[in-house]
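Reviewing the structure listed below.
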Amino acid sequence: MKTSFAASALAMSLALALPAHADAGKTAVVQEAPLRAHLQFLSSDLLEGRGTGQRGGDLTVAYLESQAQALGLKPGNGDSYRQPVRIAGVKTLPADSTLKLEAGGKPLDIAFGKDWVYSPGDATAAHSFNAGLVFVGYGINAPDEQWNDYKGVDLKGKILIMLVNDPQPTAEQPNRFNGKGLTYYGRWTYKYEEAQRQGAAGVLLIHTTASASYGWSVIQNSWSGVERFQLAAGTLGTPLQGWLTDDTARALFTAAGQDLDTLRAAAEKQDFQPVALTAKLNGEMRAAVRKIEQFNVAAVVPGTDPKLKDEVVIYSAHWDHLGIQSNGGDAKADMIYNGAVDNASGSAALLAMAAEAKRAPAKRSQMFLWVAAEEQGLLGSSAYAASPLWPLKKTAANLNLDSLNFIGVTRDIGAQGSERTELGKLADVAAKQMGLRIAAAKPDLAGGYFRSDHFSFAKNGVPAFSITSGRDYVKDPEGAQAKAAAYGKRYHQVSDEYDPSWDLSGMVQTAQYTLNLGRLIANGAKLPEWKAGDAFAVPRN
């Protein structure tokens with residue numbers, strides 16, 4: 001679609017208001033003033049928390065495309081800055097559902113929300129079930145690990161019960177499934193995807209705080225009484241997706257004549273075989289479903305090299321947050337989840353970076369991509385990877401920004417995940433050029449690499465990772481560490497609001513590093529490659 005007249009007028013006024021750059025066309029130095037201005041506006045109450053399927057999200061997209069036009073960036077999708085992302089909003093209706101688990105001929109006395117949660121994974125409002133249950137261990141089919149929990153068993157139409165996380169390392173195999181670090185096979189998203197490939201009718205994951213890395217309350221808040229979002233096009237999920245508490249799973253297995261701990265132990269071995277339970281899922285599942293259209297925003301700085309300009313480096317950040325949510329009946333309560341750090345910071349940084357990239361283009365093209373619905377499960381970036389605006393084989397890399405440093409400059413920079421590809425070497429070069437060092441990598445216990453938008457690119461073969469702040473603060477290290485730790489209490493809360501007293505020098509530092517690294521890639525002799533043997537390595541040719 002074409003930009004509206006109002007957006008065009010706003011873009012023109014902004015372009016006229018932009019100050020001249022002292023070294024236009026030669027340097028790429030990220031400026032704090034525009035970054036701060038964008039951050040303040042994107043996280044203001046006016047944008048209502050930038051919620052998926054809410055007015056604030058629509059306003060955010062209009063703002064981003066107007067800013068891109070004001071900067072003179074080329075639309076990334078023909079003559080439009082927008083890429084449609086078709087999404088289904090799904091809210092389970094437990095009061096209208098008759099779904100129950102039966103074992104030993106009797107239904108379990110369990111309650112939705114308290115003991116289990118479920119939802120359609122295929123954006124369909126009504127389903128009927130009369131399906132047998134099968135325990136499939138970790139639900140993993142990993143040829144690279146010589147591991148297959150399915151063993152060729154026909155599971156079409158079954159409800160699969162699975163453990164979360166990966167098989168744990170042993171003394172004999174300390175590095176299996178990345179040792180203590182989580183692999184993508186351990187993520188709940190993978191387990192739902194694999195169940196769909198197996199033809200299952202549904203999945204129920206067994207929750208423990210240790211295996212999931214978060215408590216049952218996180219599951220409740222995300223599944224019970226709220227609208228959840230999923231892509232409404234392409235390969236959809238199984239009819240049923242859900243979770244069981246550990247206590248509910250134990251009661252189910254006991255009633256089915258099985259011991260959960262015994263089966264857990266069996267699931268740690270390669271010779272594990274699926275176990276059919278004398279139990280079934282029965283009844284009707286009802287949900288309210290609506291279809292909406294959201295948008296990724298894509299803008300391009302064309303490359304200067306006649307041949308290399310056909311290849312692109314993509315910088316990404318998600319524009320969405322949690323929007324306006326229920327105040328629980330308290331009329332005075334703050335209802336707006338502003339998401340200043342998460343992720344108005346990354347979105348603002350991309351705008352500031354794009355201004356400099358436009359003034360100093362590189363040999364390869366550079367795309368600035370603001371993706372939708374990250375908070376709903378990386379939906380915008382997944383939609384982009386499924387229908388890319390630039391061929392993935394000609395996409396040199398994706399550098400993602402999410403929740404940037406609002407505390408102050410550091411001596412290090414976070415590049416975890418870059419070591420999986422040749423980006424690791426370039427990341428180190430870019431750091432040294434700025435007098436920085438790469439922050440020491442830590443075991444990825446919670447699977448952070450698989451939970452940000454760069455992963456949508458990585459699992460489709462594009463070298464990708466998210467750039468994060470370091471933790472070696474230059475000023476007042478102890479106080480800075482305390483500020484960083486305190487943000488944990490504001491994460492995904494209404495208190496994640498912009499503070500004009502923030503020292504944005506660290507945010508500018510991260511943005512500058514990202515742009516510098518992107519320019520190294522964009523001016524490089526060849527496209528970066530994955531390291532041999534990596535699970536996501538795809539040959540360039």
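The values are calculated or read from the model by the stated rules, or taken from the named source; none is laboratory data. All of these numbers come straight from a predicted model, not from anything done at the bench. Here Cβ is always computed from backbone atoms with ideal geometry, including for glycine, and neighbour counts include all displayed protein chains.
Here Lys442, Lys432 are screened, and the one residue that is part of a helix (DSSP H, G or I) and out of contact with any Asp or Glu (no Cβ under 6 Å at 6 or more places or on another chain) is Lys432.
Filtering Ala123, Ala201 for residues that are of a type in the set (A, V, I, L, M, F, W, C), touching a residue at least 60 places away in the same chain (Cβ under 8 Å), in the same structural domain as Gly242 (by TED's automatic domain parsing) and on the phi > 0 side of the Ramachandran plot leaves a single hit, Ala123.
Candidates in region 119-130 are the residues that are hydrophobic (A, V, I, L, M, F, W, C) and at pLDDT 95 or above; of these, the one that is surrounded by the most Cβ atoms within 10 Å (Cβ to Cβ) is Phe129.
When you check Asn141 against the structure, is it surrounded by fewer than 20 Cβ atoms within 10 Å (Cβ to Cβ) and within 18 Å of Trp188 (Cβ to Cβ), yes or no? It is true that Asn141 is surrounded by fewer than 20 Cβ atoms within 10 Å (Cβ to Cβ) and within 18 Å of Trp188 (Cβ to Cβ).
Can Asp334 be described as out of contact with any Leu (no Cβ under 9 Å at 6 or more places or on another chain), closer than 30 Å to Gly488 by Cα and touching a residue at least 12 places away in the same chain (Cβ under 8 Å)? Answer is yes for this residue. Cβ separations smaller than 6 Å between residues 6+ apart or across chains give the following pairs from region 262-280 residues that are under 17 Å from Phe177 (Cα atoms) to residues that are in a helix (DSSP H, G or I): Phe272/Ala266.
Candidates are the residues of region 461-480 that are polar (S, T, N, Q) and modelled with pLDDT of 95 or more; the one that is nearest to Ala440 (Cα to Cα) is Thr468.
Cβ contacts < 8 Å: first residue at pLDDT below 95, restricted to region 42-60; second residue basic (Lys, Arg), any location; separation 6+ or different chain. Result? Matching pairs, first to second residue: Gly53/Arg290. Check whether at least one residue in region 152-175 is farther than 25 Å from Ala255 by Cα, surrounded by fewer than 22 Cβ atoms within 10 Å (Cβ to Cβ), of a type in the set (Asp, Glu) and touching a residue at least 24 places away in the same chain (Cβ under 8 Å), and report yes or no. So far as region 152-175 goes, no, none of its residues is farther than 25 Å from Ala255 by Cα, surrounded by fewer than 22 Cβ atoms within 10 Å (Cβ to Cβ), of a type in the set (Asp, Glu) and touching a residue at least 24 places away in the same chain (Cβ under 8 Å). If you go through region 95-111, how many residues are touching a residue at least 12 places away in the same chain (Cβ under 8 Å), assigned to a loop (DSSP other than H, G, I, E, B) and under 13 Å from Asn282 (Cα atoms)? Here the count works out to 4.
The set of residues from region 485-514 being within 21 Å of the chain's Cα centre (by Cα) and part of a helix (DSSP H, G or I) comprises Tyr487, Gly488, Lys489, Met507, Thr510, Ala511, Thr514.
Scanning region 177-197 for residues that are buried (at least 21 other Cβ atoms within 10 Å of the Cβ) and over 21 Å from the mean Cα position of the chain (by Cα) yields a count of 1.
For region 205-244, name all the residues that are of a type in the set (S, T, N, Q) and closer than 29 Å to Ile324 by Cα. Of everything in region 205-244, those that are of a type in the set (S, T, N, Q) and closer than 29 Å to Ile324 by Cα turn out to be Thr209, Ser213, Ser217, Gln220, Asn221, Ser222, Ser224, Gln230, Gln241.
Of all residues in region 353-406, those satisfying the criterion of being among the acidic types (Asp, Glu), over 23 Å from Pro302 (Cβ atoms) and outside any loop (DSSP other than H, G, I, E, B) are Glu374, Glu375.
To keep it simple, each residue is scored yes or no on (1) at pLDDT 95 or above; (2) farther than 28 Å from Pro239 by Cβ.
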| position | (1), (2) |
| --- | --- |
| Arg286 | yes, no |
| Glu356 | yes, yes |
| Phe368 | yes, yes |
| Glu375 | no, no |
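Within region 228-256, the set of residues being surrounded by fewer than 16 Cβ atoms within 10 Å (Cβ to Cβ) and either within 29 Å of Arg86 (Cα to Cα) or within 20 Å of the chain's Cα centre (by Cα) (or both) comprises Ala233, Gly234, Thr235.
Taking the listed residues Lys526, Lys489, Lys531, the one that is closer than 30 Å to Leu308 by Cβ, without any contact (Cβ under 8 Å) to a residue 24 or more places away in the chain and surrounded by fewer than 17 Cβ atoms within 10 Å (Cβ to Cβ) is Lys526, with no other qualifying.
Rundown of residues vs (1) outside the structural domain of Pro388 (by TED's automatic domain parsing); (2) surrounded by fewer than 18 Cβ atoms within 10 Å (Cβ to Cβ); (3) basic (Lys, Arg); (4) touching a Pro at 6+ places or on another chain (Cβ under 6 Å), yes/no style:
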position	(1), (2), (3), (4)
Tyr63	no, no, no, no
Gln67	no, no, no, no
Gly78	yes, yes, no, no
Leu101	yes, no, no, no
Asp109	yes, yes, no, no
Lys114	yes, yes, yes, no
Val117	yes, no, no, no
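In region 144-160 there is at least one residue matching the filter, namely being among the aromatic types (Phe, Trp, Tyr) and part of a loop (DSSP other than H, G, I, E, B).
Residue pairs whose Cβ atoms lie under 6 Å apart, separated by 6 or more positions or on different chains, with the first residue in region 459-476 and closer than 22 Å to Ala535 by Cβ and the second acidic (Asp, Glu), are Ser466/Asp402. The combined condition, being polar (S, T, N, Q), surrounded by fewer than 16 Cβ atoms within 10 Å (Cβ to Cβ), at pLDDT 95 or above and assigned by TED's automatic domain parsing to the domain that holds Gln325, is fulfilled by Gln433.
Within region 448-460, if we keep just the residues that are part of a loop (DSSP other than H, G, I, E, B) and in contact with an Asp or Glu (Cβ under 9 Å, 6 or more places away or on another chain), the residue that is modelled with the highest pLDDT turns out to be Asp453. The single condition among (1) assigned by TED's automatic domain parsing to the domain that holds Ala249; (2) farther than 30 Å from Thr278 by Cα; (3) of a type in the set (D, E, K, R) that Glu48 does not satisfy is (1). Screening Ala340 on (1) at pLDDT 95 or above; (2) surrounded by fewer than 19 Cβ atoms within 10 Å (Cβ to Cβ) shows it passes everything except condition (2).
For region 77-94, the set of residues classified as assigned to a loop (DSSP other than H, G, I, E, B), in contact (Cβ under 8 Å) with a residue 40 or more places away in the chain and more than 18 Å from Glu293 (Cα to Cα) consists of Asp79, Leu93, listed by residue number.
Considering region 393-415, the residues that are in contact with a helix residue (DSSP H, G or I) (Cβ under 6 Å, 6 or more places away or on another chain) and of a type in the set (Gly, Ala, Ser) include one that is nearest to Ser365 (Cα to Cα), namely Ala396.
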